[in-house]
Amino acid sequence: MKIDFVLLWVNDSDRDWLAKRKRFSGDSINKTLNSDERFRDYDLLKYWFRSVEKYASWVNRIFLVTDNQKPDWLNTDNEKIRVIDHSDFLDQQNLPVFNSNAIELNIDKIKDLSENFVLFNDDMFINDFISEELFFKKNLPTDSGILNPIIPEYGGIGSTINNNMEIINKYFNMRKAVYNHPLKYINIKYGVDNIRTLSLLLWHKFPGFINPHIPIAYTKTEFKNARDIAKEQFEYTSRQKFRTKGDISHWLIRYERLAKGEFIPITQNIGRFYTLLELKEIIRDIQKSKHKLICINDENVDDFRKSIKTLDKSFQKKYSIKSGYEN
């Protein structure tokens, strides 16, 4: 089975990119959904590649998706590396794009991308040895069909999740889904999260799903299927240069497969979502490989650069050897 990795990355210190972003942004954009933290680069990308080489050497290819950018140190002669510009797969009339939702909804259009792939953001790192079966088993993606209510939060992405779920509830019946695939929703691998699902089965509609905030396995066929039932919403989001409350996201594709039961259940304990406010816990996880996958989400901390410097030291200690992905 060929499995590719797709990684979205932006260098927010690039003057040309900053000028372009400023030129296309205006008073009408949602400042909260498009704050600087949404674009901030940790400058830790080389450790992402080192972790892949160390812990997931089986990967078929790595597609680095950028906006006319490339790290100076990246070895593009490495046969596994593909640097993909937005113009390579997004409609020209929609460019430039600063909306990750618009970018992610179209990644299945990347040329030569394998049917099976894993989507990463640049704050997601492999933290221990993993096998292909962490993401795909029996040619199906692994996932967790755990129900979860949508929690509205100021400045959050609740509106986008709600937009996704409106589409799911239009085409899928929760009671029927659970009846047809009971072990996909109530499973020993979910542990105490089964209580959450059982309490929400009182409703007739899907209230939402738990979002693990770790790399997600997808197939190109899943993207096609979701685009078929939500063509208008795909097109709307793809036209938005910046995030809006009317967007849908790549989680819609994941939600559809959960509603269909077309996945292999997997434990939630494989990964952990952190924010920069949990720096001590992050460092401990990096040092001891407590979780196989970690997400280090940006957050307003007192001293961002100091936090990143601390992270850099921890990653450097763990990944001191330069990878074949570097010049």
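The values are calculated or read from the model by the stated rules, or taken from the named source; none is laboratory data. For clarity, every value in this text was computed on a predicted model and none was experimentally measured. Cβ sites come from the backbone with ideal geometry, for glycine too, and all protein chains shown count toward neighbours. Surface areas here come from the heavy atoms of the whole protein model, side chains and all, with no ligands, DNA or RNA. Shrake-Rupley method; radii C 1.70, N 1.55, O 1.52, S 1.80 Å.
For the range 1-140, relative contact order (Cα pairs under 8 Å, six or more residues apart, normalised by length) works out to 40 percent. Farthest towards the positive end of the charge dipole of the chain, among the residues ILE3, ILE62, LEU183, is the Cα of LEU183, using unit charges on the Cβ of Lys, Arg, Asp and Glu. Couplings 3J(HN,Hα) of the range 115-129, computed from phi: 4, 9, 8, 10, 9, 10, 9, 6, 9, 10, 10, 7, 10, 6, 4 Hz, in residue order, whole Hz [Karplus 6.51 cos²θ - 1.76 cosθ + 1.60, θ = phi - 60°; x for Gly and Pro].
Ranked by solvent-accessible area (1.4 Å probe, protein heavy atoms only, all chains present), the residues VAL65, VAL301, VAL192, VAL83 order from largest to smallest as VAL192, VAL83, VAL301, VAL65.
HIS86 sits with roughly 20 Å² accessible to a 1.4 Å probe, with DNA, RNA and ligands left out of the calculation. Projected label points at LYS2 and SER320, each 7 Å from Cα along the beta carbon direction, are separated by 3.8 nanometres.
With all protein chains kept in place, the per residue accessible area of the chain amounts to 49 square angstrom at a probe of 1.4 angstrom.
Placing LYS205, LYS20 in order of accessible area, with the largest value first and a 1.4 Å probe, yields LYS205, LYS20.
Computed from the alpha carbon atoms alone, the convex hull of the range 91-218 holds 170 Å³ per residue. Exposed loop sites here mean GluC sites (Glu not before Pro) with a DSSP loop assignment and at most 13 other beta-carbon atoms within 10 Å; the chain contains its longest site-free run at 154-327. Would you list the P(r) distribution for the range 215-327, with all Cα-Cα distances sorted into 10 Å bins from 0 and each bin expressed as a whole %? P(r) for the range 215-327, in whole percents per bin: 11, 27, 27, 28, 7. Computed 3J(HN,Hα) for the range 307-314, one whole-Hz value per residue from the Karplus formula 6.51 cos²θ - 1.76 cosθ + 1.60 where θ = phi - 60°, is 4, 5, 4, 5, 4, 4, 4, 5, glycine and proline marked x. Taking every protein chain into account, the 1.4 Å probe leaves TYR274 with about 0 Å² of accessible area, to the nearest ten.
Each DSSP beta bridge with both residues in the chain is either parallel or antiparallel, and the antiparallel ones are about 35%.
For the chain, the Kirkwood hydrodynamic radius comes to 20.6 Å, computed from all pairs of different C-alpha atoms. Across the protein chains, with a 1.4 Å probe defining accessible surface, the residues ASP27, ASP193, ASP36, ASP4 rank ASP27, ASP36, ASP193, ASP4 from largest area downward. Sites listed here are trypsin sites (Lys or Arg not before Pro) in the range 135-204 whose DSSP assignment is loop and whose Cβ has at most 14 other Cβ atoms within 10 Å: LYS138. Think of it as helices only: each DSSP H run of n ≥ 4 in the chain is worth -39500 (n - 2.57), and spread over all residues that comes to -10000 deg cm²/dmol at 222 nm. Give me the percent of the accessible area of the range 185-271 that comes from carbon and sulfur atoms, probe 1.4 Å, all protein chains in place. Carbon and sulfur atoms account for 59 percent of the accessible area of the range 185-271. The 3J(HN,Hα) values that the Karplus relation (6.51, -1.76, 1.60; θ = phi - 60°) gives for the range 270-287 are, in residue order, 6, x, 9, 9, 10, 10, 4, 5, 9, 4, 4, 5, 5, 4, 5, 5, 4, 5 Hz. Gly and Pro appear as x. Charge tally around THR160: other residues with Cβ under 9 Å, Lys/Arg +1 each, Asp/Glu -1 each, net +1.
Pairwise inverse Cα distances across the range 1-122, averaged and inverted, put the Kirkwood hydrodynamic radius at 15.5 Å.
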